[in-house]
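First comes the structure, then the notes that go with it.
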Amino acid sequence: RNKMTRTTYQEERITVNPSCYILTTLNPTLMIGRHELPDNLKALFRVNVLIKPDVRMVTEILLSGSGFYHSRLLSIKLVKVLKS
């Protein structure tokens, strides 16, 4: 968080790579055997929420970027066909 280049981990000085990160998944109710992280560890991580993408909108943008004039209408039809 404070752009340190070196830190101490288990009594050993280590170099910190600022381009790396740690990802944690906090969904213990979905998986058997997982345990919830303690609050002091949760405080160290930034919360990110993943949502389901709007497939129709993504398809419309891809079609439009590829030069299709009626990308909205085509995306609606294409998503219906591919989902069935």
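Cβ-Cβ distances below 6 Å connect the following pairs, each with a first residue in segment 15-29 that is of a type in the set (A, V, I, L, M, F, W, C), a second residue that is modelled with pLDDT of 75 or more and assigned to a loop (DSSP other than H, G, I, E, B), and a separation of six or more residues or different chains: 16/5.
Cβ-Cβ contacts under 6 Å between residues 6 or more apart (or on different chains), taken from a first residue in segment 46-57 that is of a type in the set (A, V, I, L, M, F, W, C) to a second residue that is surrounded by 10 or more Cβ atoms within 10 Å (Cβ to Cβ), are listed as 55/79.
Say whether the condition of being at pLDDT below 85 and touching a helix residue (DSSP H, G or I) at 6+ places or on another chain (Cβ under 8 Å) is met by at least one residue in segment 26-40.
Looking only at segment 26-40, we keep the residues that are at pLDDT below 85, and these are 26-40.
Restricting the remaining residues to those that are touching a helix residue (DSSP H, G or I) at 6+ places or on another chain (Cβ under 8 Å) gives 26.
Yes, segment 26-40 has at least one match.
Is it the case, given these coordinates, that residue 72 is among the charged types (D, E, K, R) and modelled with pLDDT of 90 or more? For residue 72, the condition - among the charged types (D, E, K, R) and modelled with pLDDT of 90 or more - is met.
When segment 41-61 is limited to residues that are closer than 30 Å to residue 79 by Cβ and open to solvent by 100 Å² or more (accessible area, probe 1.4 Å), the one that is modelled with the highest pLDDT turns out to be 61.
The values are calculated or read from the model by the stated rules, or taken from the named source; none is laboratory data. The structure displayed is predicted, hence computed values, not measured ones. Quick reminder, even Gly has a Cβ in these numbers, built from the backbone with ideal geometry, and neighbours come from all protein chains shown. What goes into the accessible areas is simple: the full protein's heavy atoms, side chains included, and nothing from ligands, DNA or RNA. Shrake-Rupley method; radii C 1.70, N 1.55, O 1.52, S 1.80 Å.
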